Amino acid sequence: MIRVILPTHLRTLARVDWEVELQVDGEPTTSAVLDALEASYPVLRGTIRDHGTMKRRDFIRFFACGQDITLDPMDDPVPEDVAAGKEPFRVVAAMAGG
């Protein structure tokens, strides 16, 4: 099981608490984790990735094992500790402003 931590506004939308656990079929990549997340919580479709292009939305970042993996290819495997459920995959809403 892969553990995913969502930002507060997405947790509220999905009606979940702090962390969700997902079963990812096949190799656990960032894309596969997001596919499983959207399959389990359809209300999140379009909030993290664009419906049509499936590209990450602006101001959304991904972290695994304390590393920013946002700009890594979406088909790269997540770190072993994330795949094993030892560390969470974090979806973070970046902040902007002045």
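What to note about this one:
- Matching residues in region 29-47 - criterion: being farther than 17 Å from A64 by Cα and among the hydroxyl-bearing types (S, T, Y): S40, Y41, T47
- Among residues of region 74-88 being part of a loop (DSSP other than H, G, I, E, B) and touching a Cys at 6+ places or on another chain (Cβ under 7 Å), the one that is least open to solvent (accessible area, probe 1.4 Å) is P79.
- When L71 is tested against the conditions (1) closer than 25 Å to T12 by Cα; (2) free of Cβ contacts under 8 Å to residues at least 40 places away in the same chain; (3) part of a loop (DSSP other than H, G, I, E, B), the lone failure is (1).
- Note on region 42-60: residues that are out of contact with any helix residue (DSSP H, G or I) (no Cβ under 8 Å at 6 or more places or on another chain), charged (D, E, K, R) and open to solvent by less than 70 Å² (accessible area, probe 1.4 Å) amount to 1.
- Taken together, V33, V24, V91 contain a single residue that is assigned to a strand (DSSP E or B), buried (at least 16 other Cβ atoms within 10 Å of the Cβ) and β-branched (V, I, T), which is V91.
The values are calculated or read from the model by the stated rules, or taken from the named source; none is laboratory data. Predicted model only: the values in this text are computed from it and were never measured. Glycine gets a Cβ as well: all are built from the backbone with ideal geometry, and neighbour counts include every protein chain shown. Side chains included, ligands, DNA and RNA excluded: accessible areas come from the protein's heavy atoms. Shrake-Rupley method; radii C 1.70, N 1.55, O 1.52, S 1.80 Å.
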